[in-house]
1. Could you please find all residues in region 1-54 being hydrophobic (A, V, I, L, M, F, W, C), outside any helix (DSSP H, G or I) and under 29 Å from ARG65 (Cβ atoms)?
2. If you go through region 9-35 one residue at a time, how many are aliphatic (A, V, I, L, M) and more than 15 Å from PHE49 (Cα to Cα)?
3. Just the residues that are of a type in the set (S, T, N, Q) and under 23 Å from THR2 (Cα atoms), please, taken from region 16-72.
4. Considering only residues that are small (Gly, Ala, Ser) and within 22 Å of ILE9 (Cβ to Cβ), look in region 20-55 and name the one that is surrounded by the most Cβ atoms within 10 Å (Cβ to Cβ).
5. Cβ-Cβ distance below 7 Å, separation of 6 or more or different chains: which pairs start in region 44-71 with a residue that is over 30 Å from LEU25 (Cα atoms) and end on one that is among the basic types (Lys, Arg) and assigned to a helix (DSSP H, G or I)?
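All of the numbers you see were taken from the coordinates with simple rules; none came from a lab. On a predicted model such as this, the values are computed, not experimentally measured, just so you know. Backbone-built Cβ (ideal geometry, glycine too); neighbour counts: all protein chains shown.
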Amino acid sequence: MTTNRIKMILRTITAIMYFIALSSLMTYEVAQTITFEQCLGRVAMSVIFMAINEVLVEVIEYKRRIRRTRIKQ
């Protein structure tokens, strides 16, 4: 699997986490069918996964840059 495909998958997961966080907030504010604790839990989970995904994308980019500089030298 290419690094671009992996990055695309990670960014897609990040977008899904954004959607989960926003939909949880909207559900709590508008419909109030979930408790505040459930809302906070979902938002916290989403933020943690988004942070992990962004770190993974940066690691992939860093490894790619290192590989390119080694090839050029």
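1. Hit for region 1-54 is MET1, nothing else.
2. 5
3. ASN53, THR69
4. The selected residue is SER46.
5. ILE60/LYS7
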